[in-house]
Every structure is written in C-alpha cells, then in structure tokens.
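Following: one structure in structure tokens, then a few remarks.
The values are calculated or read from the model by the stated rules, or taken from the named source; none is laboratory data. What you are looking at is a predicted structure, and each value in this text was computed from that prediction instead of being measured. Here Cβ is always computed from backbone atoms with ideal geometry, including for glycine, and neighbour counts include all displayed protein chains. The protein model used for the area step is the full one, side chains on, heavy atoms only, and it has no ligands, DNA or RNA in it. Shrake-Rupley method; radii C 1.70, N 1.55, O 1.52, S 1.80 Å.
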Amino acid sequence: MNNRVLTARGLRAFGDGYVAILLPIHLGRLGYGPAEIGLIATSTLLGSALLTLAFGTIVHRLRLRQGLLAAALLMAGTGLGFGVLQDFWPLLLLAFVGTINPSGGDVSVFLPMEHTIIAQSVADQERTSAFARYSFVGSIGAALGALAIGALDWIEVILPGADVGGALFLLYGGIGLVTLFVYAGMPEVRTGEGPPSAALGPSRRRIYGLATLFSVDAFGGGFIVNSLLAVWLFERFGLSVTATGAIFFVTGVCSSLSYFAAARLATRFGLVNTMVFTHLPSSVFLILAAIAPTLPIAVALLIARSLLSQMDVPTRSSYVMAVVEPAERPAAASVTAVPRSLAASLSPALAGWMLAVSPFGWPLICAGALKIA
C-alpha cells in the first residue's frame with residue numbers, strides 16, 4: 001500500500017515541480033505580469049486550503065481511496081483547463097478550484113488522506129522515517145520536474161510556433177490520470193475502528209494551537225513559492241528557463257537528502273527541537289540571498305538554505321500524527337495543513353506586487369524575517 005502512495009506522490013511531485021516554473025512563463029507569454037501571476041498563485045493556495053479542509057473534515061465518513069480517486073480526477077481536469085484557457089478570470093477561477101501548486105511542494109487535497117494511510121500502516125517508532133521517505137520521494141520528483149522544464153527551450157526551437165506551454169499543462173492532466181490508476185489498485189483504508197462523533201475529538205485544542213503556529217511560518221513561505229522565486233531569478237539575474245530549472249533541481253535534491261538527516265536528528269534531539277533549530281539558519285541564508293551582489297553567491301545561499309529549510313516537513317507530519325487519536329488523523333492533517341495554505345495564500349499576491357515594483361528580493365527578506373519570528 002505504501003508503495004502505491006509513494007509512487008503517486010512521486011508522479012504528482014514531478015508535475016508540481018515543472019508546473020511551478022512553467023506557470024509564470026506561460027502566464028507571461030499570455031501577457032500577464034508579476035502582479036497577475038501573484039494573484040493566480042494566491043488563488044491556487046486559497047482554493048487548495050478550502051478544498052483540503054472540506055476533504056479532511058468529511059473523509060472520516062468516506063473511504064480514503066474514494067477521496068484520492070476524486071482528487072486525482074480533479075488534477076486531470078486542472079491540467080486540461082490550464083492547457084486550453086487563456087483569459088485571466090477563467091484561469092483565476094480554475095486556479096481556485098484546481099490542484100495547481102505554485103510552491104512545488106505538496107500543499108494539496110491529497111495530503112490529509114496520504115498522511116493518514118502512512119501513519120496507520122507503520123509502527124509508531126517508524127513513523128518519522130516513513131514520513132521522511134514520503135517527503136524524499138516528493139522532493140526528488142519535484143526536483144526532476146524542475147530540471148525537465150529546461151526542455152521547454154529546445155522543444156520550442158524544434159517546434160517553432162507551437163503552444164508548448166499548453167501542451168505541458170495537458171501533460172500535467174495526464175499525470176493526474178496515471179495517478180488515478182495508481183490509487184485505483186490500492187485496498188481501501190479505514191480511519192479507525194469506527195467514525196468519530198466529530199472530525200476532531202479530544203485533540204481539538206492541541207491541533208488548533210499547532211495550526212496557528214504553523215500558519216505563521218507558512219505566511220512567510222508564501223512570499224517565496226517557486227513560481228515567484230522563479231520570477232525573481234528571471235528579473236533580477238536574467239536567467240533562462242533551463243538555468244532556473246537546474247537551480248531548482250539542485251535545491252530540490254539537497255532538500256530531499258535533508259529529510260533522512262531530519263529523521264536521525266529527531267531520534268536524538270526530539271521532533272520539536274529538530275523543527276526549530278534547523279529553521280533559524282535557513283531563514284538567515286534566505287535573507288542573505290536577497291541582498292547577494294552576484295548570481296553565484298545568491299545560488300550558493302539558496303542551496304545552503306535548501307539543506308536545512310525542509311527538515312521540519314517529515315518531523316512536523318510525524319508530530320501531528322503522534323499527538324492525536326488514530327480516528328482523528330485525517331482531520332488533524334487537514335486542520336493543520338489548511339491554515340498553512342490559507343496563510344500562504346495571502347503572501348504571493350504581495351510578493352507579486354513587490355516584484356512588479358522592483359526586482360530586488362524584498363519577498364525573500366519578508367519570508368526570512370517571518371520564519372525567524
């Protein structure tokens with residue numbers, strides 16, 4: 001069962017990895033600037049948050065496999081829509097109801113269901129390592145997707161005049177269909193011995209506190225979703241699509257390696273300490289990258305940040321699953337993820353406005369300062 005979850009996670013991450021960079025390129029060619037790109041990024045995160053909340057609060061009455069199949073169909077429809085639509089308002093609406101992820105990570109409707117399946121298929125002492133593997137597969141998939149977007153340049157040389165961007169969005173929809181077949185072969189999973197009387201029971205207060213804490217960090221992270229970080233690299237240093245994809249590939253690989261280090265550190269120092277003390281230096285690196293005078297220095301700082309910034313991902317997921325009852329896990333995963341998405345959805349529009357005014361790295365500075373706070 002976990003193998004199917006990991007396979008689906010890797011496939012979706014590959015799509016998210018290249019779409020995060022493709023999104024600003026495609027929208028720019030349609031005539032939209034950083035401000036409009038920021039609004040669409042905000043719409044995607046806001047819609048994902050509300051959809052994740054809806055799935056997380058009702059999935060204890062449904063079957064997890066059914067929910068995953070529905071989400072995969074939504075991913076297929078999203079790719080089709082972005083592949084054929086060009087007007088701003090339809091794209092903004094589709095971004096709200098679809099699964100496009102401008103961050104390149106996994107803030108989506110799939111998260112609460114997959115987290116529940118993983119948590120209930122391993123022993124408690126193996127939970128953090130299981131989430132490290134899950135995060136590793138997602139990070140590697142996203143890194144490969146970012147590297148693959150470099151093919152956009154040479155495909156357009158071979159096929160001048162073709163709508164390659166639209167075709168790549170259609171490919172994203174195709175990945176959703178493949179993911180659907182992967183989920184279809186998975187056995188059904190129940191969230192507990194019986195449905196709880198409420199989506200969250202005795203752990204409600206604890207989870208609300210964690211959700212508030214996580215949302216502050218996510219608001220900062222929204223300033224540097226991959227789509228807008230790509231815009232900054234394009235405008236500040238004039239990078240090509242291929243070079244930008246290569247940078248995201250390297251940072252993604254570094255992040256993926258850090259997940260296993262996070263599991264080891266958590267065993268020795270605890271989940272909370274691992275989350276906190278890796279976040280602080282990574283945020284300092286981000287601020288320094290914003291004021292870096294040259295591209296090599298900025299890239300080196302972004303890579304150094306990537307070695308530390310994602311260590312909280314598997315530890316955070318493991319911690320949330322550890323402090324609730326098994327029947328509460330889908331709701332706990334969504335209730336902690338949704339405020340993160342809601343908070344993160346506010347900042348891309350601000351970051352897009354900042355980049356429209358100046359190519360200086362104000363979004364990176366805001367993100368680093370908020371994460372430190």
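The table for this structure:
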read-out	value
Helices (runs of 4 or more DSSP H) completely within region 278-373 that count 3 or more residues being farther than 22 Å from PHE219 by Cβ	295-309, 312-322, 329-357
Filter result (outside any helix (DSSP H, G or I) and surrounded by 19 or more Cβ atoms within 10 Å (Cβ to Cβ)) within region 213-262	VAL225
Flag if ALA349 is in contact (Cβ under 8 Å) with a residue 40 or more places away in the chain, closer than 20 Å to PRO34 by Cα and aliphatic (A, V, I, L, M)	yes
Given (1) under 24 Å from THR251 (Cβ atoms); (2) crowded, with 18+ Cβ neighbours inside 10 Å, index of the condition ALA151 fails	(2)
Matching residues in region 293-315 - criterion: being open to solvent by less than 10 Å² (accessible area, probe 1.4 Å) and over 18 Å from SER256 (Cβ atoms)	ALA298
Unmet criterion (only one of (1) in a helix (DSSP H, G or I); (2) within 18 Å of ALA349 (Cα to Cα); (3) of a type outside the set (Phe, Trp, Tyr); (4) modelled with pLDDT of 85 or more) for ALA49	(4)
Members of region 90-107 that are hydrophobic (A, V, I, L, M, F, W, C), modelled with pLDDT under 90 and farther than 20 Å from PRO34 by Cβ	VAL97, VAL107
